[in-house]
Amino acid sequence: MLEQPYEYVAREPVEPDWRRLPGFARVTEEEWRSAQWQRAHCVKSVRQLRGVYGDLLDGSFYADAEADQAGRATMSLLLPPQMLNTMVPGEVPSTATMLADPVRRYMLPVTSDRLPGAAASHPYAARDSLHEHEMWAVEGLTHRYPTKVLAELLSTCPQYCGHCTRMDLVGNSTPAVPKLKFELKPVDRQAAMLTYLRATPGVRDVVVSGGDVANLPFKNLEAFVSGLLEIESIRDIRLASKALMGLPQHWLQDDVVAGMTRLATTARERGVSLALHTHVNAAAQVTPLVAEAARAMLAAGVRDVRNQGVLLRGVNATAGQLLDLCFALLDGAGITPYYFYMCDMIPSAEHWRVSLARAQTLQHDIMGYLPGFATPRIVCDVPYVGKRWVHQVAEYDRERGISYWTKNYRTGIERGDDAALDRRYSYYDPIATLPESGRRWWGERAVDPVAAEVAAASSRTASAADLVG
Ligand code: SF4
């Protein structure tokens, strides 16, 4: 064998023993496999977290988590037992191992993870950093790309991820972030979406998301997807559910499997591709239950189960971690690695973000190990542009960490904008990753830290690209 930078080792997925956690010590296999039991025992507060871990974790850990919820968190706590059980999976957790754990780092943020003070947020961070709300054709339906739309059917999930890009809308308000609320009733919003899509035959591809479709009563999801399947122009439907990993028990319920079989059968008869997209960021999260749920969906007839992860420092931002995750998905669960998004420029996310240069290096370093169809693309979701492969950057000032991007289509809000295709759009590296001269340059921009904090917490306006002069 040649020595390689990454050594592939086939690994069987393992379900960590939940009985190692004091709060789950007496939970039976039957209870663990029940979606209802999982939902009823989600951790929603630090007090409940203490009920699971008890004295395994120091008081300082609970205080750290409490401080984050009170001061920084953009998402409230919501952790199904299945998700908690993938933190420090192979041993009884301690404060040190929990702090270092990649799943904990993104699902259960603590204040000591974040950069201090104003450095926690990029000066141009924004709540709706991708401007999806501005691009709503009707409430919840983002029409950003020419042929595809994002339908946000609901604003809740069975789990809340600390780095959620849709933190503007998804989840409960936190002390730092009052959330936007949908105004229409769900049934009216869905009807408006279907009406728009019937009248817009140029759209062929619908991502059905939220939130997480696992939080919709299945009959409501089935009604909406059935409505899509009746529109001749819709050829691709992708259902987005992180719960395939966070709450695989949901997707293993008999009524859900039967319902997905009905939808997949109709889709196949009509020549439509129905796929399930999930969001796994760490190899430890691919457990036998996750594999069972993914295979149940494939057996139900969906065309593919794909993973869209997020590149996060301290979680998966090394080539080894990415490849371990991709092989766990592909070998262990039949899930196709698809994308890794760079973490978006939301408030208090600087400790998770990596530079574009780092993302380019990672893309280089993971090439050649996985089959081509399962080699994920690392993409930057550039405000007002959309996904770009990280090597598509038009110009890159590495000293100041500003990348410039172009695009080849108009978003829904640029119909009358003649310059939209000639303009360059900016994206920013985390300032802490810049060379000293670049950090000094940003320091001299006289970005008022208080104003930046306020802007980060409340701005739903433009990316402020023009502020860079
Ligand atoms: S599951 Fe998706 S939408 Fe829900 S909190 Fe996580 S990243 Fe956000």
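The values are calculated or read from the model by the stated rules, or taken from the named source; none is laboratory data. Owing to the predicted nature of the structure, the values given are computational and were not obtained by experimental measurement. All Cβ positions, glycine included, derive from the backbone under ideal geometry; neighbour counts span all protein chains shown.
Summed over segment 176-218, the residues that are in contact (Cβ under 8 Å) with a residue 40 or more places away in the chain and basic (Lys, Arg) give a count of 2.
Being surrounded by fewer than 23 Cβ atoms within 10 Å (Cβ to Cβ) and within 16 Å of the ligand (Cβ to nearest atom): is that true of Val138 here? No, not satisfied. Might you check whether a residue that is modelled with pLDDT under 95 and in contact with a helix residue (DSSP H, G or I) (Cβ under 6 Å, 6 or more places away or on another chain) occurs anywhere in segment 390-411? Looking through segment 390-411, at least one residue is modelled with pLDDT under 95 and in contact with a helix residue (DSSP H, G or I) (Cβ under 6 Å, 6 or more places away or on another chain). Scanning segment 152-161 for residues that are surrounded by fewer than 19 Cβ atoms within 10 Å (Cβ to Cβ) and of a type outside the set (Gly, Ala, Ser) turns up at least one hit. Considering the conditions (1) part of a loop (DSSP other than H, G, I, E, B); (2) assigned by TED's automatic domain parsing to the domain that holds Arg26; (3) under 22 Å from Gly23 (Cβ atoms); (4) not small (Gly, Ala, Ser), Thr74 is excluded by exactly one of them, (3). Which condition does Leu150 not pass, out of (1) among the aliphatic types (A, V, I, L, M); (2) within 12 Å of the ligand (Cβ to nearest atom); (3) closer than 24 Å to Met83 by Cα, if it passes all the others? The number of the failed condition is (3).
Rundown of residues vs (1) at pLDDT 95 or above; (2) of a type in the set (A, V, I, L, M); (3) assigned to a loop (DSSP other than H, G, I, E, B), yes/no style:
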{"position": "Tyr106", "(1), (2), (3)": "yes, no, no"}
{"position": "Pro109", "(1), (2), (3)": "yes, no, yes"}
{"position": "Ala125", "(1), (2), (3)": "no, yes, yes"}
{"position": "Asp128", "(1), (2), (3)": "no, no, yes"}
{"position": "His131", "(1), (2), (3)": "no, no, yes"}
{"position": "Glu134", "(1), (2), (3)": "no, no, no"}
{"position": "Arg144", "(1), (2), (3)": "no, no, yes"}
{"position": "Val149", "(1), (2), (3)": "yes, yes, no"}
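Looking only at residues that are out of contact with any Gly (no Cβ under 8 Å at 6 or more places or on another chain), farther than 24 Å from His279 by Cα and part of a loop (DSSP other than H, G, I, E, B) in segment 206-233, which one is farthest from the ligand (Cβ to nearest atom)? If we take residues in segment 206-233 being out of contact with any Gly (no Cβ under 8 Å at 6 or more places or on another chain), farther than 24 Å from His279 by Cα and part of a loop (DSSP other than H, G, I, E, B), then Glu232 is farthest from the ligand (Cβ to nearest atom). For segment 264-284, taking the residues that are part of a helix (DSSP H, G or I) and touching a Pro at 6+ places or on another chain (Cβ under 9 Å), the one that is surrounded by the most Cβ atoms within 10 Å (Cβ to Cβ) is identified as Ala283.
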